[in-house]
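K.L.:
Okay, here's the structure, questions in a sec.
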Amino acid sequence: MGEAPSAPAGSPSSVRPLKVAIVGSGGVGKSVVSATLARTLARRGRDVLAVDLDPNPGLAYSLGLAPSDAGLPPETTIEVKGGLYGWGPAPEVDLATGAMTLSRLAPDGVRYLSPGKIDGKTVNKSEVKRCLGTVRLLVDHLEAPWDIVADLEAGTTTPYEGYARFAEVIVVLATGSWRSCLAARRLCALLPSVPLVVVASKSAPGASDAARWGLPVQHHIPFDPEVAAAERRGLAPLDACPDAPALSAVASLADLLLKVAP
Amino acid sequence: MKIVITGKGGAGKTTIAGALARHLAHAGHAVVALDCDPNPMLGITLGFGPERTEAAPAVLNMLVEMGHTHNDPDPDPEGLLGQFGIDGPDGLRLLTVGRVEQLEGACVCCGSHSTTRKLFSNLPHEGRIVLADLEAGLNDLIWAHPGREDVVVAVAEPSAKGVEIVRRACQLSETLGVSRLVAVANRASVSDAENLSRVTGVPAFAIPEDPAVAAADRDGAAPYDTDPSSPAVLAIGELVGWLGVPKRPAAEQPLPAG
C-alpha cells in the first residue's frame, strides 16, 4: 500500500466498499448530497474518498473544506497517448492507491480528491484534461476497501463520456421541476445500469411533482430552508445546520445505498 | 450581435435565455437561439413545448448520422441553420447544437463543444441577434470563445458557489477580450445584485424571485407565455436595455426557410 493513508484502527477491513456516482441536471443538489453522504459514511467509521469530477467549484464548499483550484502536481501525472483518458499517474504513483495518496483530508476524515478547477484566469483546457484524466484512471483502479462518493458535472455528458465507470450504484438526482425530471429521465435512459432515483426538493412538494413527470422516485430529500441558507453562505450543511431534516434524509439515503449496493 | 448566457447549473440560464429571446423577437429583432447544452431544454422556455423541443434535430447528431466527423472541413453554418433550425414565435429560430442520445458516439473527444464553437464563431450575425444558451459551468464558455464584439451574460443564484462561478466567468470573458459583460443575480434582491457586482467588478442586474416562473418551471412551460407580465419576465425585458442592443432592429436579414 506504500504511502497510502492507513485505515483508522478498528475499521472493519472486510467491509464491502460502496462505490457511488451522483448525476443530474445543474443545481439539483449533487454537491450537497455527495458531500453530506461522504461525511455521513465517514462518521460511521467507514473510509471514504469524495471524488470531485466537476472542473467548476462546488463540492469543497459542501464538504466544509477551504476551496482550492489546485489540481494534481505535474510530476504525478504522465500523458498516455492512446490511453482511455489520455493521461494517467506517473510511474512513481501506485495505480491501486494513488487516488488516496493524491487526495487531501476533509472534515470527518473524508479524503477529497480533486482534478483542479477552471480558475477563470487562463483558457487552458489541457490542464483540466491532464488532471481529470488522471483522477478518473486512479478512481477506476482504486483497490483499497474505501467507499467512493463521486460528484459529477451537471448534465448528460458525463455518462456519455464514461465518467461513472467505477460506480456500482448511480444516483440520479432531480428536484420537482419539469426540466430536472426530463434530464433525470434522459440520464436513466442513457445509463448502462439501473440507477437509484432520488428527488431533493427545492420547494414543496417536489417528490409528487417528480412522480407526475414520470420519474420512479425511490428516495426523497425534503426541501429544507436551513440547507438553502447554508448553500447561500457557502457552508457545509453538516456544520451549519447539523439537525436539519434534509440531512437525516441523506443519512437514510446512505442506509438505502448500503442495502442496494451489489 | 452575439450574446452568450453562462453560469452555474440551475442558476436560471435557460429560463433567462428563453424569455430574453422572446422579448427581442417581439421587439422586431431577427433572433437565432442556439441551444448549446447537449441536454437541450431551451425549446421549453422559448415556448416550443415538450414535443417540438424533443423532436428538434440536433446539428452534431445529424452531422454524425450523415457520416461527418469532427475533422471535416466546417459545414456552412448558415446552411445548417436553414436545414436544422425550427421556427418559433415572432420569426425566432431555434438551433439545437447536440443531444446526448447514446453512450457511444463518433465525437466522444469533443462532444458538442466544438460544434458550439464553430456555430457560435461562424454563424453570420449582421442584422440579427444570435443568442447562445451554454452548458452549465465554465468549460462551454471557453469553447464558445466569445470575443470583443460579443456580449456575455453570466447568471448566478445568490449562493456562494453560483457567485464564485460567475466571478470566474467574468474573469474568463475579460481574458477572451469581451468588453460587454453583464452579471445577473437571479431569484435575487437588489442587494444581492450589488454584492454580485462588487465581487465580479461588472454591472449586475437583479431578477426577482417569482412564483409565476417557479410554476412554469414545475410544469415545463415558458414563463413568457404563461405569465408575460410577471415580475421576473418583465425584469428580463428590462435586461435587454443593459445589453447594448440597437434600439430599433437594424435592416433585417431574412432567416433562411426551414
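The values are calculated or read from the model by the stated rules, or taken from the named source; none is laboratory data. If you're wondering where the values come from, they're calculated on a predicted model, not measured in any experiment. Note: ideal-geometry Cβ built from the backbone for every residue, glycine included; neighbour counts use all protein chains shown.
K.L.:
Which of the residues that make up segment A:104-127 are of a type in the set (S, T, N, Q), assigned to a loop (DSSP other than H, G, I, E, B) and surrounded by fewer than 22 Cβ atoms within 10 Å (Cβ to Cβ)? It would help to see each step written out before you state the result.
P.N.:
Just the residues of segment A:104-127 that are of a type in the set (S, T, N, Q), to begin with: A:114, A:122, A:124, A:126.
Restricting the remaining residues to those that are assigned to a loop (DSSP other than H, G, I, E, B) gives A:114, A:122, A:124.
A:T122, A:N124, listed by residue number.
K.L.:
Kindly list, by first and then second residue, each pair from a residue in segment B:7-26 that is within 11 Å of chain A (Cβ to nearest Cβ) to a residue that is among the basic types (K, R), limited to pairs with Cβ atoms under 8 Å and residues at least 6 apart or on different chains.
P.N.:
From residues that are within 11 Å of chain A (Cβ to nearest Cβ), the pairs are B:G7/B:K13; B:K8/B:K161; B:G12/B:R187; B:T14/A:R179.
K.L.:
Could you check segment B:2-39 and list, in sequence order, the residues that are part of a loop (DSSP other than H, G, I, E, B), in contact with a strand residue (DSSP E or B) (Cβ under 6 Å, 6 or more places away or on another chain) and either acidic (D, E) or at pLDDT 95 or above (or both)? Break it down stepwise before answering.
P.N.:
So the first thing to find is which residues in segment B:2-39 are part of a loop (DSSP other than H, G, I, E, B), and the list is B:8-12, B:27-30, B:36-39.
Then keep just the ones that are in contact with a strand residue (DSSP E or B) (Cβ under 6 Å, 6 or more places away or on another chain); that gives B:11-12, B:29, B:36.
Across segment B:2-39, the qualifying residues are B:A11, B:G12, B:H29.
K.L.:
Return yes or no: is B:V163 in contact (Cβ under 8 Å) with a residue 12 or more places away in the chain, β-branched (V, I, T), in contact with a strand residue (DSSP E or B) (Cβ under 6 Å, 6 or more places away or on another chain) and farther than 20 Å from B:L131 by Cβ? Steps first, please.
P.N.:
Working: in contact (Cβ under 8 Å) with a residue 12 or more places away in the chain: yes; β-branched (V, I, T): yes; in contact with a strand residue (DSSP E or B) (Cβ under 6 Å, 6 or more places away or on another chain): yes; farther than 20 Å from B:L131 by Cβ: yes.
So B:V163 passes the test.
K.L.:
Looking only at segment B:44-60, decide whether some residue is touching a Lys or Arg at 6+ places or on another chain (Cβ under 6 Å) and within 14 Å of chain A (Cβ to nearest Cβ). Give the steps one after another, and end with the answer.
P.N.:
Taking segment B:44-60 as the starting set, the residues that turn out to be touching a Lys or Arg at 6+ places or on another chain (Cβ under 6 Å) are B:58.
If we keep only those that are within 14 Å of chain A (Cβ to nearest Cβ) too, we end up with B:58.
Yes, segment B:44-60 contains a residue that is touching a Lys or Arg at 6+ places or on another chain (Cβ under 6 Å) and within 14 Å of chain A (Cβ to nearest Cβ).
K.L.:
Okay, moving on. Between A:G71, A:G24, A:G86, which is more than 26 Å from A:V172 (Cβ to Cβ), within 12 Å of chain B (Cβ to nearest Cβ), in contact with a helix residue (DSSP H, G or I) (Cβ under 6 Å, 6 or more places away or on another chain) and among the small types (G, A, S)? Steps first, answer last, please.
P.N.:
On the way: A:G71 fails: within 12 Å of chain B (Cβ to nearest Cβ); A:G24 fails: more than 26 Å from A:V172 (Cβ to Cβ).
Going through A:G71, A:G24, A:G86 in turn, the sole match is A:G86.
K.L.:
Just a yes or no: is a residue in segment A:163-176 within 12 Å of chain B (Cβ to nearest Cβ), within 29 Å of B:P211 (Cα to Cα) and assigned to a loop (DSSP other than H, G, I, E, B)? Give the derivation first.
P.N.:
At the first step, the residues of segment A:163-176 found to be within 12 Å of chain B (Cβ to nearest Cβ) are A:163-165, A:173-176.
From what is left, the residues that are within 29 Å of B:P211 (Cα to Cα) are A:173-176.
Now narrow it down to the ones that are assigned to a loop (DSSP other than H, G, I, E, B): A:175-176.
For segment A:163-176, residues within 12 Å of chain B (Cβ to nearest Cβ), within 29 Å of B:P211 (Cα to Cα) and assigned to a loop (DSSP other than H, G, I, E, B): present.
K.L.:
Just to check your reading of the model, which residue among A:R212, A:R165 is free of Cβ contacts under 8 Å to residues at least 12 places away in the same chain and surrounded by fewer than 18 Cβ atoms within 10 Å (Cβ to Cβ)?
P.N.:
Details: A:R165 fails: free of Cβ contacts under 8 Å to residues at least 12 places away in the same chain.
Answer to the selection: A:R212.
K.L.:
Checking B:A154 against (1) more than 9 Å from every other protein chain (Cβ to nearest Cβ); (2) at pLDDT 95 or above; (3) more than 24 Å from A:S126 (Cα to Cα), which test does it fail?
P.N.:
(3)
K.L.:
A further question on this structure: On the given criteria, is A:R104 farther than 21 Å from A:K129 by Cα, among the charged types (D, E, K, R) and more than 12 Å from chain B (Cβ to nearest Cβ)? Explain how you work it out, then say what you get.
P.N.:
Details: farther than 21 Å from A:K129 by Cα: no; among the charged types (D, E, K, R): yes; more than 12 Å from chain B (Cβ to nearest Cβ): yes.
Judged against the criteria, A:R104 is not a match.
K.L.:
Checking the condition within 9 Å of chain B (Cβ to nearest Cβ), outside any loop (DSSP other than H, G, I, E, B) and of a type in the set (D, E, K, R), which residue from A:R179, A:R136, A:R130 passes? Lay out the reasoning, then the answer.
P.N.:
Values: A:R136 fails: within 9 Å of chain B (Cβ to nearest Cβ); A:R130 fails: within 9 Å of chain B (Cβ to nearest Cβ).
Of A:R179, A:R136, A:R130, the one residue that is within 9 Å of chain B (Cβ to nearest Cβ), outside any loop (DSSP other than H, G, I, E, B) and of a type in the set (D, E, K, R) is A:R179.
K.L.:
Turning to a different aspect of this structure: Can you say whether A:A228 is within 11 Å of chain B (Cβ to nearest Cβ), under 22 Å from B:A188 (Cβ atoms) and over 18 Å from the mean Cα position of the chain (by Cα), as far as the supplied structure shows?
P.N.:
yes
K.L.:
Hey, another quick one. Give me the residue from segment B:85-119 that is within 14 Å of chain A (Cβ to nearest Cβ) and modelled with pLDDT of 90 or more and, out of that set, surrounded by the most Cβ atoms within 10 Å (Cβ to Cβ).
P.N.:
Only one residue fits best here, namely B:V97.
K.L.:
Name the residue that is farthest from the other protein chains (Cβ to nearest Cβ), counting only residues in segment A:189-209 that are among the hydrophobic types (A, V, I, L, M, F, W, C) and in contact with a Pro (Cβ under 9 Å, 6 or more places away or on another chain).
P.N.:
Step one: filter segment A:189-209 for residues among the hydrophobic types (A, V, I, L, M, F, W, C), giving A:189-191, A:194, A:196-200, A:204, A:207.
Okay, now just the ones that are also in contact with a Pro (Cβ under 9 Å, 6 or more places away or on another chain), so A:190-191, A:197, A:200, A:204, A:207.
On the way: A:L190: 6, A:L191: 8, A:V197: 16, A:A200: 11, A:A204: 11, A:A207: 12 Å.
It comes out as A:V197.
K.L.:
If you don't mind, another one. B:G177 versus (1) more than 9 Å from chain A (Cβ to nearest Cβ); (2) surrounded by 20 or more Cβ atoms within 10 Å (Cβ to Cβ); (3) small (G, A, S): which is the lone unmet condition?
P.N.:
Of everything listed in (1) more than 9 Å from chain A (Cβ to nearest Cβ); (2) surrounded by 20 or more Cβ atoms within 10 Å (Cβ to Cβ); (3) small (G, A, S), B:G177 misses just condition (2).
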